[in-house]
There are 2 protein chains.
Amino acid sequence: MNAWGMGIASRVSAPPALSGSGKGKKVVILGAGLAGMTAAYELGKLGYQVDVLEARPFAGGRCQTARKGFTLQELGGEAQTCRFDDGLYINHGPWRIPLDHQSTLYYTKQFGIPLEVMVNDNDHAWVYMEDAGPFSKQRLRPAQVKADLRGHVAELLAKSVQAQRLDTALTADDQRLLLDYLAHEGALSAQDLVYRGRNGAGYAEPPGAGLKPGRLADPLGFRDLLASKVGKVYSAVQEFPMHATMFQPVGGMDRIAHGFAKRLGRTIRYGAEVQSIRQSPGQVTVTVRDASSGAVSQVTADYCLCTIPLSVLRTIDADFSDGFKGALKAVSYAPVGKIGLQMKRRFWEEDDQIYGGHVLTDLKAVNTISLPSSGWQSKKGVLLGYYHYALDAIEVSALSPAERAEFAVSAGEKIFPPYRASFESAFSVAWHRVKYNLGGWAEWDDAGRAQAYPTLLAGEGRVLLAGEHMSYLTGWQAGAIESAWLQIEELHRRASA
Amino acid sequence: MNAWGMGIASRVSAPPALSGSGKGKKVVILGAGLAGMTAAYELGKLGYQVDVLEARPFAGGRCQTARKGFTLQELGGEAQTCRFDDGLYINHGPWRIPLDHQSTLYYTKQFGIPLEVMVNDNDHAWVYMEDAGPFSKQRLRPAQVKADLRGHVAELLAKSVQAQRLDTALTADDQRLLLDYLAHEGALSAQDLVYRGRNGAGYAEPPGAGLKPGRLADPLGFRDLLASKVGKVYSAVQEFPMHATMFQPVGGMDRIAHGFAKRLGRTIRYGAEVQSIRQSPGQVTVTVRDASSGAVSQVTADYCLCTIPLSVLRTIDADFSDGFKGALKAVSYAPVGKIGLQMKRRFWEEDDQIYGGHVLTDLKAVNTISLPSSGWQSKKGVLLGYYHYALDAIEVSALSPAERAEFAVSAGEKIFPPYRASFESAFSVAWHRVKYNLGGWAEWDDAGRAQAYPTLLAGEGRVLLAGEHMSYLTGWQAGAIESAWLQIEELHRRASA
């Protein structure tokens, strides 16, 4: 901390300023996700001859957006083709750009990609718990839960302060200041320090024109709130990096992928599946199989930056040392599933006045139903019907696409009565079943961070690794980008030595 | 409350469904603000012959947006012409559409006016207090203040619960549930219930790629926070109707005024200053002076809906009863000032990572510096340099436009060092000095609500009143619209009797 606020100087918000030139040196980059494309873009500017090998027919890695015509066939699964109406989409990969991720925002600005607010915090969106004691199977507004719980807690503490019952080192002055704060924070009545509700919790009858002053909702009872445990859905503040202002690119997250791909042009070779990686003292040789023709060829380079997820890289034939190979196996990849559901009517806006944000729920394998932050007041919309991890993700991913949609609709209609009648089409992904990914993101444990992670970070010979897995921002685009920034600095150092 | 959440059925979200026809009946509407235009639009659909008399050369009333070429000459003041760059603007009248204001949102939807999120709550925007004890003249992130204060308070209460020191009726079970909640809400360590900071409060060193796990900021001290009183800037939840999701029309609030005006066309007569209002048993006669030619004419109608602000109406010659005239004087109008400052660089985004929202401050007569919620990452922006009321507004409004700009810049540069160097041009308004308004909005006191308000609501003879002043949503566009909906129902009832 300094007088100008939190020390943010250490935040990485621009690519490394590298001097010298990469002229005459060749780098092969494996994977045209955000890490690979960031590296290719920046190394290209330095004069390096760059080849990007991408197994898919399109760039972006997990930075994908499903809209009409987008296809996906999971390993061992049915082919899906997205049938959403024109203009509708789901970001089934990354879907949020936090303000803290200045590295991602560096490229949206560089590339002139228009942003819009992604409503990531909406105290007006329902919380719905099947198992919440007295509030089971009721739709509650988080604003009411927060206001009433904090009001009751402030009252409890204020009365204890007043009764001098606290075992505390606070002076009489501090206690007076604390009472002032509690009365304000909890909207306690000044006379008796009692919480009797507040307009931020909501109205039973809203104020309006004429003789309608409004009537406040009665507070939810303290003991009922405690018994419901619904207060544990929230906490004092949004955790990093979830706080406002959150962004999304206008039109879909893949605008970022397109921004890079357009600039890289033919630097990216599509349909190029890596079959093996070999090093000699002087160069790296990558064997590639063309996904459509099956033709096998070789690419040689002075250095290789490999951004292939470790979940996939550890299945590729490479002449890494045993230690390095062991490290590649030391991280697990998150099973993650998402489903987009096109609804022919925006009932969440029209009936419930919910504009974006997340409906949180304990409905099994749902977690959240998230409402779109674009197309306000338009006719149709695509919502996120579930977002699940771990065992939930594994179980649901065993279902066919149609069965997954039925699962999501059956859950959602418990919260929103018009859900089923409004449902038109679905597009789902189970990232652990997606070829070339085999998981949502890297999940390091403490042992892995201590041992395998530094090994992988150092790379081996002429091969360096980059990607979200090589960062403490796993699962975020910023992790991929900042990791690329870090590793091209190292690569340039080695190449310039 | 019912099982489906708060009782919102009583919210007025659509115009009254009126049966019958207004054919052959004439209504003169005074004022083409949102109340007058709402009434004209809905009565026109019913078949009434409607004339709207508007003193200004444009429609909208206070629903205005200042962009290049917009002019304003306050009473006794210099003429101002807005010199903002193309595409930049300030909503110097209403600037927010709360989700609770379904009446306003009814028309944005009807008219197809695109909306975007207006960031009304940003825990990452600075709070800056000159007088805040140990934190005086420091820029703090509200996220840190909220996280640390709530953490400390949760710890204090948790320890008291644990020590069985509370004078409370909570059972042992409830106390256990309370401890669980407090530990979660306040991010207390599970072992000893101590608050030691949390990532939602911010990082001293953010996590990143490579060997950067991040280092949390040390919590601000409890006693320092109490002494600073900075916790009183916020409360447990945003008060009604300030909570997310907040909207603004893309391109400026006057898009709503344009939406009505386009549909009403020549129904609105511009430059028509009302000079007198007279009633006979059978009709209403309004005398009008043409603002440009000075020509005086008369308009007769079966009914009159007068939406002129009471601050102005009470200065107009009308044959109201003494009781009604007395009631017109029973409300005060808010002195309100705003200033838009065009900045050639979005330093709040680029240097401080603040995207929209309000910088709250105790700098005299500033209250808030609000950052724009559009044009993210673009070059320039117009921010709101102050938003003040009451005595502050009266004092600053005595300054010339150039002096007001200097006042605002001198204040702002205390918080943002690049403020002065970035400043390009200003546009300010003091609503209490604006002809045809004479104030920002009606401010009723309890006595006025009890006595004068019902008198005015009932109207007199063939004259009914509408506008934000005839609602409990004073100062909001929704108050004007809902008041019009209420009064056209009454007018139609009388006309159909």
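The values are calculated or read from the model by the stated rules, or taken from the named source; none is laboratory data. Source: prediction; values computed, not measured. Positions of Cβ are backbone-derived with ideal geometry, glycine not excepted, and every protein chain shown enters the neighbour counts. Accessible surface areas use protein heavy atoms only, side chains included; no ligands, DNA or RNA. Shrake-Rupley method; radii C 1.70, N 1.55, O 1.52, S 1.80 Å.
Observations
- Relative contact order (percent, whole number), chain B, Cα cutoff 8 Å, 6+ residue spacing: 21 percent
- Share of carbon and sulfur in the accessible heavy-atom surface of the protein assembly as shown [1.4 Å probe, %]: 51 percent
- Electrostatic bookkeeping for A:Ser471 treats Lys and Arg as +1 and Asp and Glu as -1; over the other residues with beta carbon under 9 Å from its beta carbon, the sum is -1.
- Cβ-vector label at 7 Å, B:Gln283, separations to other copies in nm: 9.8
- Chain lengthening between B:Asp174 and B:Thr300 when straightened (0.36 nm per residue, less Cα-Cα): 38.4 nm
- Modelled spin labels at A:Ala79 and A:Ile394, positioned 7 Å past Cα toward Cβ, are 3.0 nm from each other.
- Relative contact order, whole percent, for segment B:391-497 stands at 15, derived from Cα pairs under 8 Å and 6 or more residues apart.
- Taking a ≥ b ≥ c as the square roots of the eigenvalues of the Cα gyration tensor, segment A:350-497 is prolate, since a/c reaches 1.5 or more and a/b is larger than b/c.
- Within-14-Å neighbourhood charge of B:Ala365 [Cβ basis; K, R +1; D, E -1]: -2
- Rounded to the nearest 20, the Cβ-based charge dipole of chain A about its Cα centre (Lys and Arg +1, Asp and Glu -1) stands at 1140 debye.
- Gyration tensor (alpha-carbon) shape descriptor, the protein assembly as shown, a/c threshold 1.5: prolate
- Applied to segment A:56-67, the Karplus parametrisation 6.51 cos²θ - 1.76 cosθ + 1.60 on θ = phi - 60° returns per-residue 3J(HN,Hα) values of 6, x, 9, 8, x, x, 6, 6, 10, 9, 9, 9 Hz, with x for Gly and Pro.
- Between segment A:12-84 and segment B:437-497, the Cα center-to-center distance that results, in Å: 61 Å
- Virtual paramagnetic centre 7 Å along Cα→Cβ of A:Ser13, amide N under 20 Å, in segment B:197-239: B:200-210, B:212-218
- The listed residues A:His124, A:His258 rank as A:His258, A:His124 when sorted by accessible area, largest first, using a 1.4 Å probe.
- Compared with the dominant Cα axis of chain B, that is its longest principal axis, helix B:172-185 is turned about 80°.
- Between segment A:367-411 and segment B:237-315, the alpha-carbon center distance in angstrom: 47 Å
- Formal net charge of residues neighbouring B:Ala398 (Cβ-Cβ distance under 13 Å; K, R +1; D, E -1): -3
- Remark: the A:Ser321-A:Arg165 segment gains 49.7 nm on full extension, using 0.36 nm per residue and subtracting the alpha carbon distance.
- Using a probe of 1.4 Å on the protein chains alone, the accessible area found for A:Asp392 is around 40 Å².
- Protein-only accessible surface order, largest first, of B:Lys109, B:Lys379 at 1.4 Å: B:Lys379, B:Lys109
- Computed over segment A:105-254: relative contact order in percent, which uses C-alpha pairs under 8 Å that are six or more apart: 32 percent
- Whether segment A:168-228 is rounded, prolate or oblate, judged on the alpha carbon gyration tensor where a/c under 1.5 counts as rounded: oblate
- The solvent-accessible area of A:Leu464, taken with every protein chain present and a 1.4 Å probe, is close to 0 Å².
- Among B:Ala478, B:Ala330, B:Ala163 - extreme Cα towards positive end, dipole of chain B, charges at beta-carbon: B:Ala478
- The mean number of Cβ atoms from other chains found within 10 Å of a Cβ in peptide A:242-248 is 6, as a whole number.
- Coupling constants for segment B:359-372 follow from the phi torsions by the Karplus curve (6.51 cos²θ - 1.76 cosθ + 1.60, θ = phi - 60°), and in residue order they are 8, 8, 8, 9, 4, 3, 6, 10, 6, 8, 10, 10, 8, x Hz; glycine and proline get x.
- Between 0 and 90°, nearest 10: helix A:34-45 axis offset from chain A longest Cα axis: 50 degrees
- Of B:Glu490, A:Glu406, the residue with the largest accessible area leads and the full order is A:Glu406, B:Glu490 (1.4 Å probe).
- B:Arg449 - accessible surface, heavy atoms, 1.4 Å probe, Å² rounded to 10: 40 Å²
- Given A:Lys229/A:Lys364; B:Lys212/B:Lys379; B:Lys137/B:Lys229; B:Lys232/B:Lys379, the pairs whose alpha carbons are separated by over 24 Å: B:Lys212/B:Lys379; B:Lys232/B:Lys379
- The angle separating the long axis of helix A:142-162 from the principal Cα axis of greatest extent in chain A is about 60 degrees.
- Inter-copy label distances at B:Leu216 (7 Å, Cα→Cβ; nm, one decimal): 3.4
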